[in-house]
Amino acid sequence: MEGNEHELMLACVISGTLFSLLASASFALLWAVNWRPWRIYSWIFARKWPGFLQGPQLGIICSFLSLSAWIIVISPVVVLVTWGCWLMLILGRDIVGLAVIMAGSSLLLTFYSIMLWWRTQWQSSRAVAVLLLLAVGLLCAYELCAVYVTAGVRASERYSPSGFFFGVSAISLAINMLFICRMVFNGNGLDVDEYVRRAYKFAYSDCIEVGPVACLQEPPDPNELYPRQSRR
């Protein structure tokens, strides 16, 4: 037992330290490129390079640095996967390792997507939608695995019976989140961008401040921004 506790402490300290360092480096790098990792190469290429590096060799250097930057960006997810597998070997409980791998990666992707959404002024973005759907998909996969493990043959020996109910409830919530993400970013609902644009135009209109009463504009009606459909 003491040996397992020592190994568990060692795994948590090493993995936690690596995750903190690499996550900080990934955060700083993504902040520099405005949370758009697909612009890493152009951001590196746009730096002020010495004159002797100009030419074909500059493309090679930028490609190498871009590959290194991408490795740093995805390194926190790799650390979480390694951490979870290590915990599975030490504890012999798959549910703990799966929580670190799937749920931890889901939370990390959700954080990345929210930061990208914030940097894009809360506008609809395909990258944000993909990251959120991937995060919810990982959460669904984790809850399915949790239900399978907690409802297994030896589940009563290792896990609480309430885990099955919690797992089913979490799966239902995660599946609902899939449709919510779909409706928010790609659905036929309210055009948020157009509504915000009209609201800003109404708020900063000059005729509201100095114009006559007859010149006052009406605030935008959200019902007018729903797309017209010929059939249901």
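The values are calculated or read from the model by the stated rules, or taken from the named source; none is laboratory data. Quick caveat, the model's predicted, so the values are computed rather than measured. Every residue, glycine as well, gets a Cβ built from its backbone with ideal geometry; the counts of neighbours run over all protein chains shown. For accessibility, only protein heavy atoms count, side chains too; no ligands or nucleic acids. Shrake-Rupley method; radii C 1.70, N 1.55, O 1.52, S 1.80 Å.
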(request) Round to the nearest 10 and report in Å² the accessible area of Glu7, as given by a 1.4 Å probe over the protein chains' heavy atoms. (result) 90
(request) Go through the stretch 96-107 residue by residue and turn each phi into a ³J(HN,Hα) via Karplus (6.51, -1.76, 1.60, θ = phi - 60°); whole Hz please, and just put x for glycine and proline. (result) 5, x, 5, 5, 5, 6, 7, 5, x, 5, 4, 5
(message) Could you work out how much longer the chain between Val13 and Ala25 gets when fully extended? Use 0.36 nm per residue separation minus the Cα distance between them, nm to one decimal.
(response) 2.5 nm
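Please sort 62-69, 44-51 by packing, taking for each peptide the average over its residues of neighbouring beta carbons within 10 angstrom, highest first. Mind showing how you got there, number by number?
Numbers: 62-69: 15.2, 44-51: 10.5.
Output ranking for 62-69, 44-51: 62-69, 44-51.
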(message) Could you give each residue of the stretch 130-147 its phi-based ³J(HN,Hα) in whole Hz, using Karplus coefficients 6.51, -1.76, 1.60 with θ = phi - 60°, and x for Gly or Pro?
(response) 5, 5, 5, 5, 5, 5, 5, x, 5, 5, 4, 5, 5, 5, 4, 5, 5, 5
(request) With θ set to phi - 60°, apply the Karplus curve 6.51 cos²θ - 1.76 cosθ + 1.60 along the stretch 75-92 and write out the HN-Hα couplings as whole Hz, x wherever there is a Gly or Pro. (result) 4, x, 5, 5, 5, 5, 5, 5, 4, x, 5, 5, 5, 4, 5, 7, 7, x
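Give me the net charge for the shell around Ala46: Cβ to Cβ below 15 angstrom, other residues only, Lys and Arg +1, Asp and Glu -1.
Details: positive: Arg36, Arg39, Arg47, Lys48; negative: none.
Residues near Ala46 contribute +4 overall.
Does the stretch 1-144 classify as rounded, prolate or oblate by the C-alpha gyration tensor (a ≥ b ≥ c root eigenvalues; a/c under 1.5 gives rounded; else a/b over b/c gives prolate, otherwise oblate)? Walk me through the numbers on the way to the answer.
Working: a/c = 3.11, a/b = 1.61, b/c = 1.94.
In terms of gyration-tensor shape, oblate.
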(request) Mind listing the long-range amide H neighbours of Arg93? Cut-off is under 5 Å, sequence gap 5 or more, other chains count too, H placed in the peptide plane at 1.01 Å from N. (result) none
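Compute the length gained on full extension between Ile60 and Leu173: take 0.36 nm times their separation in residues and subtract their Cα-Cα distance, giving the result in nm to one decimal. Intermediate values should be presented prior to the final figure.
Working: separation 113, 0.36 × 113 = 40.68 nm, distance 4.71 nm.
Value of the extension gain: 36.0 nm.
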(request) Report the local net charge at Leu29: Lys and Arg +1, Asp and Glu -1, summed over other residues whose C-beta lies under 15 Å from its C-beta. (result) +4
(request) For a quick protection proxy, order the peptides 70-80, 32-42, 120-130 by their average other-Cβ count within 10 Å, most packed first. (result) 70-80, 32-42, 120-130
(message) Starting from the 7 Å offset along Cα-to-Cβ, what nm value, one decimal, do you get for the label separation of Ser124 and Leu91?
(response) 4.1
